[in-house]
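Laboratory data are not the source of any read-out in this text; all were calculated from the coordinates shown. All values reported here derive from a predicted model rather than from experimental measurement. Because the Cβ atoms are built from the backbone with ideal geometry, glycine has one as well, and the counts that use them run over all protein chains shown.
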Amino acid sequence: MVIAIDGPGGVGKSTVSRAVADALGFAYLDTGSYYRAVTLATLEAGVAADEIPAVLEIARAADLDFIGRSMFLNGENVSDGVRTPEVTAAVSPISAIKVVRVLVVDRQREWVHRHDGRAVVEGRDIGTVVFPEAPVKVFLTADPAVRATRRSLDAEAAGMAVTEIARALERRDQIDSTRDVSPLVAADDAVGIDTTHLTVDEVVSIILSLAALAGEH
């Protein structure tokens, strides 16, 4: 069973997804880390996002793997490196490149296959593109101010004012929701959960209930 958890930044996707995976004994996959790893490799190579053939070549050559809770690029743990402000600022245009997304999605599907198809997968297009047949699809949302406050606690936002974070999240939302390829939208059959006034445990409980119902059918 694949549990697809989508939503924009700051809604609690990672925390909730990891907790659901732990509760079910499933593997956990952060798909955004793949795009961040490709972005990191692109930045290190001095290649711009609009140099699409060069970006694709980098993506094809990259050895990408998610092990445990860590992202590996060419055998190196880059979990911290993919969360720098530089990568965060550059990841949207890189992840909007269609040929890159096709390549990365194939690798993510293969990753889930290697984990016996039992995974909690978080991202922005999991229920619509990566695993449209997932029996459990959830789309998390939250009030913009709450999202910015939550994101301010992340290491990648260190030193940034909450107002600055809010503007950055708004820009990312605009890019991700209006891109031609795999836009950030809720799947028609996804269950929407507004996490603004819910605890992590409450959100996890809702998703576990959905998983239990799906397992009965």
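Reducing region 12-54 and region 168-184 to their Cα centroids gives an inter-centroid distance of 16 Å. Phi angles of region 163-172 translate, via the Karplus equation with coefficients 6.51, -1.76, 1.60 and θ = phi - 60°, into HN-Hα couplings of 5, 5, 5, 4, 5, 5, 5, 5, 5, 5 Hz per residue; Gly and Pro are given as x. About the centre of its Cα atoms, the chain shows a dipole size close to 60 debye [charges on the beta carbon of Lys, Arg (+1) and Asp, Glu (-1) only; nearest 20 debye].
Calculated from the alpha-carbon coordinates, region 42-151 shows an Rg and a Dmax of 15.3, 41 Å respectively.
For Val191, the residues 5 or more places off, or on other chains, whose built amide H falls under 5 Å of its own are Lys137, Val138, Phe139.
Residues whose amide H lies under 5 Å from that of Met71, counting only those 5 or more places away or on a different chain, are Val78, Ser79; hydrogens are built 1.01 Å from N in the peptide plane.
Remark: region 68-137 carries a charge dipole of roughly 160 debye about the Cα centre, counting +1 on each Lys and Arg Cβ and -1 on each Asp and Glu Cβ. Hydrodynamic estimate: the Kirkwood radius of region 130-187 over Cα pairs, inserted into Stokes-Einstein at 25 °C and 0.890 mPa s, corresponds to D of 188 µm²/s. Annotation for Arg69 and Thr196: the two label points, set 7 Å from Cα along the Cα-Cβ direction, are 2.9 nm apart. Here region 1-74 is treated as a Stokes sphere of Kirkwood radius computed over C-alpha pairs; at 10 °C and 1.306 mPa s its diffusion coefficient rounds to 114 µm²/s.
Once you have the Cα-Cα distance between His115 and Val185, take 0.36 nm times their residue separation minus that, and quote the gain in nm to one decimal. The span from His115 to Val185 would gain 22.6 nm if fully extended. Spin-label model, Ala54 to Asp22: label points 7 Å out along the Cα-to-beta-carbon direction sit 4.3 nm apart.
Across the options Val91, Ile58, Ala19, the greatest Cα extent toward the positive end of the charge dipole of region 1-95 (unit charges at beta carbon of Lys, Arg, Asp, Glu) belongs to Ala19. Fraction of C-alpha pairs exceeding 26 angstrom in the chain: 32 percent, rounded to a whole number. Counting only the Cα atoms, region 66-112 fills a convex hull of 84 Å³ per residue.
Most tightly packed first, judged by the mean number of other beta-carbon atoms within 10 Å of their residues, the peptides 5-12, 169-176 read 5-12, 169-176.
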